[in-house]
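Scroll down for the structure; my scribbles are underneath it.
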Amino acid sequence: MSAQPQPAERAVEPDPNSPASLHARLEQVWRNGPGLWGWLTSVNHKSIALRSIITAFTFFGIAGIEAALMRVQLARPENSFIGPDLYNQLFTTHGSAMMFLFAVPMVQSVALYFVPIMIGTRNVAFPRLNAFGYWTYLIGGVLLFSGLFTNTGPDQGWFSYVPLAGPGFSPGKRVDIWAQMITFTEIAAIVAAIEVIVTVFKQRAPGMSLNRVPPFVWAMVVMSFMVLVAMPYVATASAMLAMDRLIATQFFNYTEGGDALLWQHLFWFFGHPEVYIIFIPGLGMVSAIVATFSRRPVFGYTAVVLSLVAIGFLSFGLWVHHMFATPLPQTGESFFTAASAMIAIPTGVTIFCWIATIWSGRPRFDTPMLYVIGFIALFTIGGLSGLLLASVPVDLQITDTDFLPGHIHYVLLGGMVFPLFGALHYWFPKVTGRMMSERLGKVSFWLLFVGVNVTFFPQLLLGIAGMPRRVYTYLADTGWGGLNLTSSIGAGLIALGILLLVVNIARSLAAGPAAGADPWGGETLEWAISSPAPDYNFAYIPIVHGRSALWADTGDLDAVAGLREDRREVLQTTMLDAVPDSRHEHPDPTIVPLLTALAVGVGLIWGIFDPIGFDVGAVLMFIALAAWGWPQKTKPNSHEIVEVPNDRRR
Amino acid sequence: MTWAGSIFDTAGTPAARIARLAWFLIIVSGVTYLLVLVATGIAMRRARARRTQGELADTRPETANRLTRNVAIATIATTLILLGYVTATALTGKAIAWPLNAQRPLTIEVTGHQWWWQFRYRDSVPSNWLTTSNELHIPVGRPVRVILLSNDVIHSFWIPELHGKQDLIPGHRNTTWIQADRPGVWKAHCAEFCGHQHAKMLFDVVAESPAKFDQWYIRQLASALPPTDSATKRGHDVFVQRTCIMCHSINGTEAGSNVGPELTHIASRPSIAAGSLPNTRVNLARWILNPQLIKPGVRMPPNALSPADMNALLDYLETLK
Amino acid sequence: MTVVGDISAEAGRQAERPLRPVVNVSDLPSVVYGSRVVTWWGTVGFMAAEAATLSACVASYYYVLRNFESWPPLRTALPDLFIPTISLIVLILALVPTYLFARAAKRFDKRATVRWMWVAVVMMFIATGLRLMEFGALNVRWDANAYASVAWAVVFAHFTLLLADTLETLLFTVIMQRRDPARYYPGVAEDAFYSYFMVAVWIPCYVTVYLVPRWV
């Protein structure tokens, strides 16, 4: 105990217990390193998620330009704007990029940004793994588009049916580039899924028992479980395809007992859950927006959560509805019609609950809420057109026609992109500290809403009219020119809407009005902290007393103290009831995740050309992982409190 | 409704039953959609009224009970509609199955190639089996069993006026059936992405009276007549001495390859290039000279023929009725 | 309950909610075991993905089987039983030192932990070597026909798990030799947990590749 210094000898020091001092100490510990090196070594979930969101949006833009080019080609019959070879590369990379490089990474990145804050923790459970996941994803995306820009873009369709994609009918490396892009993005998706699940299970704020977890977080957890089960199937399939092409395995070669339908089963067993992997996070975003903008918690919390789980499970039982035109037994097919119908029930329940929330709430129709209404209006068309497709006899007429692109874009744009854009306007203030322009937001919304309908409703009609899909042109005497032209004009409207959205983002970043911590009056924990959030999220981990964390209490929030302020420490709580259980030290920024991703990159890309690449990659990976797992130097003042394993708490 | 070429322009039983089901589902979907929009609209209006009256959000238990009841009713209604949907689907599926008591069915084996169609009619007399390309004739009123095979990649056989589509999958033997109940002439498109020229892999469908069909069949079975005058003789020589003979066959000549479509009666066909070009002298000339300009990626190479040779070849081909 | 959100939103831009500490957690443990640790859950996550991958390979095996009248196909030999069974036995036996080092780790007994880890590592390297010989014991090249491809696929997919586990155990063994901070014992126990999974998930694969061709 030091003696009191004489007042005259000591300058006035800041109070070490003031919020400002605490903030300074925590920032010092939790911030990224400086400059480019800091950027490359970051293990901060918000930094990584934000760059991932920007990356995903960039791929969205490129794929969108590809779509615009395709629509220009299709605007007139027998158009000569783009020939079949380039067109096939465009539609393949458009679909592949949208599904693998935009949709899934985007929803996972939004989860990785907001889930930790919403559940009251400081970082995801595995900070380095998170960084590794991003770099792996980036390499995969660059690989795909490097192919396209060197005229080796995949051209066999995003679904890559064999034998067309096999060694007999797709020479060169186009398909192999696609197959390895799948591997990269599958690894990244599984990594992100594990992050979300473990973080939500083990790092929730004290008091946030499972029945107090926000529906947005539930949606991300359900999606993550689905990723763990579904993604390995497409990775296995694409590995088998790569091996058929590289080392002459016979998985899909019928002359040696292989089977083209094996590919379809494996791919669609992944492919159907995949669209729900994309859609369920959209439901989560809608839930968050509806609650905040109706000024009441979501109606029917239990029903909504159980419905999300039910959708997740049921989505694994539908995949054969993509294969009705193949020689499968008819009784089997009827089962899949019924299962496809069944999934409409929990989906309907969620939408009914949100309508009930609006009904009994006090809604404001700012831009995020407009996108929610747009979601209801557009997704329902998508879902109902899906019911037409699930009925085997009708499906046999309209599958593989332009009806399909109409259907999928209604569900994907309505079910995921609209909620995403609503979430963008909703959370932009939290990420940047500035508000977006409401005026520009509303204009973009209407351009997009009208544009989507003008683009894709004609496609539903064209399918009924007999136009097949995946065609680079069509004959003039089919009479399909008018509807195609309309659809192409709609695409222009969509492009304009996206452009305005980008302008809105840019202007708001530069000069948007200051947002403050809680511009919308939200109920979840992210609105308790400053905008933008500090690197450490919460100065003290908050304690949650109800389902709506911020609406359950007024005034100050109860919190826990006692985490170390001189190193990165997070609180871990029990799985069911979120009782504080242990403390855990997180790693400092490190370059190892990037190096590991590069090792994986070397192995997989070299492996496109020669199997020896896999061996080299494996060795490099082992070295990188050894560096990853190697114990770091013990820091000063480290004292572990060890709990002997007989303790029964979980 | 007879939107020509659409799934509603039905000319046979399976397609007609499917079209009925499709209408039913479209109407039910439309009504459902309107209900959802109306519910959303009412919710928005009530809520706005609440705001203008300065009320707060309504979380009273009686409201919650009422809303729970409404959500439950909507869910039950959804379930009932879906049950109806599944039933209607099952009934239609049964109704469009291959009729087990089919009278004198015709059997046609369809083989998909990149990017053209081969049809082999399996007559009850094996020596009367007919192989032809890119043009399918069927007799009105007779059920046709279609066997679907593929020579290379997956294609899909689809005549919307008659039935839904079925895929041609290498290594698998798929089957479907069609039956025209009225005469007609239609264009069918391949309906599974199969590579560069999937977009222009079409075939002509002609449904005609049984008498006309028999006449057509007998004519198609006949071999090509030998060339009579010097021009057609020269054309025949161009055909068998240049590259044509490597891929195409003409019954009655030395040309017997089946890599490409057979051409024994090409002059009788309404279109060339797998249904994508009207069969005119000019089009034929353009096509033979450089198919890559019309269908980039197609397997047929350009053929540099002198104008004299080309005219002779065209004269000869025009005799192949 | 919604009153707060309602009124506060009307008030416009909000400041942060002050946080008032009422509980102190500095005496919570920082080294805990089993499912109390995040890496345990992470391991389970990877197990789920790997099990899904193996199930895809095994499902493909049975799917392709339906394309053949005899299995293995005509003129393709049955896989040997000897090496694969020895390999399976060695794998199962390797779980004994695995269990022992996990138990020692929970007692913080460094010497016993390291000793049993070395035994486990040696046995796992032997198992890996035997697995490499198993590829030969399949008696067919991967490109011969679809049967060969799916058989190789199942064995190879699991081989990656075996290799990863062996190398991971080796790494931990080396780490444990040098250090004795308590924080590495839970990782050792998780490595054992992963080994149980790795062996357990091989058993249906073994049955599929080596026994099923003899039964059908």
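The values are calculated or read from the model by the stated rules, or taken from the named source; none is laboratory data. Just so it is clear, the model here is predicted, and its values are computed rather than measured. Neighbour counts run over all protein chains shown; Cβ positions are idealised from the backbone, glycine included. Please note that ligands, DNA and RNA were not included when accessible areas were found on the heavy atoms of the full protein model with its side chains. Shrake-Rupley method; radii C 1.70, N 1.55, O 1.52, S 1.80 Å.
Okay, here's what the table says:
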item	result
Distant-in-sequence amide H partners of residue B:168 (H built 1.01 Å from N, under 5 Å)	B:155, B:156, B:157
Residues in the stretch A:554-568 occluded by at least 10 Å² - accessible area, probe radius 1.4 Å, against chain by itself	A:554, A:555, A:556, A:557, A:558, A:559, A:560, A:561, A:562
For B:183-189, mean number of other protein chain Cβ atoms within 10 Å	2
Accessible-area value, residue C:143, 1.4 Å probe, nucleic acids and ligands omitted, Å²	30 Å²
Beta bridges per DSSP with both ends in the protein assembly as shown, % antiparallel, nearest 5	65 percent
Probe 1.4 Å, all protein chains present, accessible-area order of A:365, A:293, largest first	A:365, A:293
1.4 Å probe accessible area per residue over the protein assembly as shown, in Å²	37 Å²
Listed residues C:75, C:131, A:507 arranged by accessible area, highest first, probe 1.4 Å	C:75, A:507, C:131
Value at 222 nm in deg cm²/dmol, rounded to 500, when DSSP H runs of n ≥ 4 in chain A each add -39,500 (n - 2.57)	-21000 deg cm²/dmol
Folded to 0 to 90 degrees: helix C:82-106 orientation relative to chain C principal axis, Cα	20 degrees
Percent accessible area from carbon and sulfur atoms, the stretch B:1-124, protein chains only, probe 1.4 Å	63 percent
Total accessible surface hidden between B and A, rounded to 100 Å², 1.4 Å probe	6600 Å²
Cα-based shape type of chain B, given that a ≥ b ≥ c are square roots of the gyration tensor eigenvalues and the cut on a/c is 1.5	prolate
Heavy-atom SASA rank of A:628, B:23 (probe 1.4 Å, accessible area, largest first)	B:23, A:628
Cα gyration tensor shape of the stretch A:361-418, rounded if a/c is under 1.5, else prolate or oblate by comparing a/b with b/c	prolate
Helix axis angle, A:215-247 relative to chain A longest principal axis, alpha carbon, degrees	50 degrees
Amide H partners (placed H, <5 Å) of residue A:569, local residues excluded	A:586
Selection from A:291, A:90, A:473 lying farthest towards where the dipole of chain A points positive, charges on Cβ	A:291
Compactness of the stretch A:376-450 as Cα Rg over 2.2 N^0.38 Å, two decimals	1.44
Amide proton proximity set for residue A:434, modelled H, under 5 Å, gap of 5+	A:515
Dipole moment magnitude, nearest 20 debye, the protein assembly as shown about Cα centre, only Lys, Arg, Asp, Glu C-beta charged	1400 debye
Modelled FRET efficiency - R0 25 Å, residue B:37 with residue B:63, Cβ distances, 0.05 increments	0.65
Exercise: per-residue mean of other protein chain Cβ atoms within 10 Å, C:140-150	6
Dipole magnitude (debye, nearest 20) for the stretch C:27-119, charges at Cβ of Lys, Arg, Asp, Glu	420 debye
Reachable aspartates and glutamates, given that their alpha-carbon falls under 15 Å from the alpha-carbon of residue A:202 and they are not under 8 places away in the same chain	A:569, A:577, A:581, A:585
Radius ratio Rg over Rh of the stretch A:194-339, counting only Cα atoms, Kirkwood formula for Rh	1.11
Positions from the stretch A:291-326 whose accessible area shrinks by 10 Å² or more when the full protein complex is built, not the chain alone, probe 1.4 Å	A:295, A:296, A:297, A:299, A:325, A:326
For the stretch A:548-558, Karplus couplings with θ = phi - 60° (6.51, -1.76, 1.60), whole Hz, Gly/Pro x	9, 3, 8, 8, 6, 10, 10, x, 5, 9, 4
The stretch A:89-95 - phi-based ³J(HN,Hα) in whole Hz, Karplus 6.51/-1.76/1.60, Gly and Pro as x	5, 5, 6, 5, 6, 4, x
Calculated FRET value between residue B:151 and residue B:240, using beta carbons and R₀ = 22 Å, to 0.05	0.35
Leading residue at positive end of dipole, the stretch B:34-110 (Cβ point charges), from B:41, B:80, B:59	B:59
Positive-pole candidate from A:596, A:532, A:554, dipole of the stretch A:485-598, charges at beta carbon	A:596
Share of carbon and sulfur in the accessible heavy-atom surface of chain A [1.4 Å probe, %]	68 percent
On Cα atoms only, tilt of A:19-30 relative to the major axis of chain A in degrees	50 degrees
Shape call, chain C: gyration tensor on alpha carbons, a/c limit 1.5	oblate
Sulfur and carbon atoms: percent of accessible area, the stretch B:143-215 [1.4 Å]	49 percent
Förster radius 51 Å - calculated FRET efficiency between residue B:290 and residue A:496 (Cβ-Cβ, nearest 0.05)	0.80
Label-to-label distance, nm, for residues given as residue A:54 and residue A:591 (7 Å Cα→Cβ offset)	2.1 nm
Area accessible to solvent at residue A:190, 1.4 Å probe radius, in Å²	10 Å²
Listing of the stretch A:84-123 residues, each with accessible area lower by at least 30 Å² in the full protein assembly than in the chain alone (probe 1.4 Å)	A:84, A:88
The stretch A:359-436 - charge dipole about Cα centre, Lys and Arg +1 at Cβ, Asp and Glu -1, debye rounded to 20	620 debye
Antiparallel bridges, percent of DSSP beta bridges restricted to the stretch B:37-177 (to nearest 5)	70 percent
Per-residue average of Cβ from other chains inside 10 Å of A:529-536	1
Inter-centroid distance (Cα atoms) of the stretch A:326-369 relative to the stretch B:77-120, Å	28 Å
Solvent-accessible area buried by pairing C with A, both sides, nearest 100 square angstrom, 1.4 angstrom probe	6900 Å²
